[in-house]
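One structure is given below, encoded as structure tokens.
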């Protein structure tokens, strides 16, 4: 839907979860921290356009990725340089890989894990099935890797999609083309130290066993709807944002499910369904109150719902890109992902206050 109001459009003080919300408007060189009334409490100026998003670390610093000029041309959600900034915006750590894209995470041991692109060797690329054969690039087919680096920037673990799985088992969806195989869009370490990854073009989510390199959990099927933000919750369940929910009508869905049975534990959809729909980007965060913060990315909409799916807080980003820039982001207010933090929590440390 097209929103006609921006900023705060809903705020139920009694049921919303108090805190501050962090988001990076796509293509804008800034990350904002806003209060419950939509007021800007703090911001970080970035050296370049964000490689999708930023988030706060438990030490109170900001971890972000920004675009570099080199790397694969024409692929979406490129980063290239991961930076850790203190509260005042001073760079305290950075690591550059021009092929980094989409997601990056700081591990409990202080290392950083991220997603990267690589061209598939021809003998592997020839085995890729599916996708629109009319959508290709002369270079071949891009695949991907997961890389973990230590604070000194040394690679301590690496995993390549094409080397560890049966390629024919995971064809690209018809909407995907054949420029990329897989298109991973989220990554998250588990408490056990394994790695959760979401592959949009394959409708695949999986947990990689770091010791064996094999999947210890996987779910692959069109019902996942080219998903984003595959994550584990504190209760041990998994959650993801399903961009294209199946069945009659158009809409998206946030799904929490039991990883053992894959049965639905909780879900959120629009009523009617078309009122909640972002066919790309987007994510969700389970809050300590039990409410869920959802980023409906295409519309720049960040909102909070109760377990009973009642809307208690809503913010529409007023930060639009120019109409005349090249590419699909022209004239949009898209937001890749958003996070809510406690004012007195380790990430914010009481450095701002709510009105």
Modelled with pLDDT of 95 or more and closer than 26 Å to residue 115 by Cα, is that true of residue 276?
no
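In segment 158-177, which residues are buried (at least 17 other Cβ atoms within 10 Å of the Cβ) and closer than 19 Å to residue 196 by Cα?
Passing the criteria: 159, 160, 161, 162, 165, 167, 170.
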Taking segment 127-146 as the search range and keeping residues that are in contact with a strand residue (DSSP E or B) (Cβ under 6 Å, 6 or more places away or on another chain) and not in a loop (DSSP other than H, G, I, E, B), which one is farthest from residue 196 (Cα to Cα)?
140
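Report whether or not residue 243 is within 19 Å of residue 184 (Cβ to Cβ) and either out of contact with any helix residue (DSSP H, G or I) (no Cβ under 8 Å at 6 or more places or on another chain) or modelled with pLDDT of 95 or more (or both). Don't jump to the end; show me each part of the working.
Working: within 19 Å of residue 184 (Cβ to Cβ): yes; either out of contact with any helix residue (DSSP H, G or I) (no Cβ under 8 Å at 6 or more places or on another chain) or modelled with pLDDT of 95 or more (or both): yes.
Yes; evaluated as a whole, the condition is true for this residue.
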From the set of residues in segment 147-192 that are closer than 19 Å to residue 281 by Cα, part of a helix (DSSP H, G or I) and more than 19 Å from the chain's Cα centre (by Cα), which is modelled with the lowest pLDDT?
175
The conditions are (1) outside any helix (DSSP H, G or I); (2) surrounded by fewer than 20 Cβ atoms within 10 Å (Cβ to Cβ); (3) under 24 Å from the mean Cα position of the chain (by Cα), and residue 212 fails exactly one of them. Which is it?
(3)
Checking residue 87 against (1) closer than 17 Å to residue 297 by Cα; (2) in contact with a strand residue (DSSP E or B) (Cβ under 8 Å, 6 or more places away or on another chain), the condition it does not meet:
(1)
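Residue 124 - would you say it is in contact with a strand residue (DSSP E or B) (Cβ under 6 Å, 6 or more places away or on another chain) and either modelled with pLDDT of 95 or more or under 27 Å from residue 223 (Cα atoms) (or both)? Spell out how you get there, then give the answer.
Numbers: in contact with a strand residue (DSSP E or B) (Cβ under 6 Å, 6 or more places away or on another chain): no; either modelled with pLDDT of 95 or more or under 27 Å from residue 223 (Cα atoms) (or both): yes.
No; evaluated as a whole, the condition is false for this residue.
What strands (runs of 3 or more DSSP E) lie completely within segment 225-328 and have 3 or more residues being buried (at least 21 other Cβ atoms within 10 Å of the Cβ), touching a residue at least 60 places away in the same chain (Cβ under 8 Å) and touching a strand residue (DSSP E or B) at 6+ places or on another chain (Cβ under 9 Å)?
Numbers: elements: 228-232, 238-242, 253-257, 264-268, 283-286, 292-296, 301-305, 311-316.
It comes to 301-305, 311-316.
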Filter result (surrounded by fewer than 14 Cβ atoms within 10 Å (Cβ to Cβ) and within 25 Å of the chain's Cα centre (by Cα)) within segment 110-135:
110, 135
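The values are calculated or read from the model by the stated rules, or taken from the named source; none is laboratory data. If you're wondering where the values come from, they're calculated on a predicted model, not measured in any experiment. Note: ideal-geometry Cβ built from the backbone for every residue, glycine included; neighbour counts use all protein chains shown.
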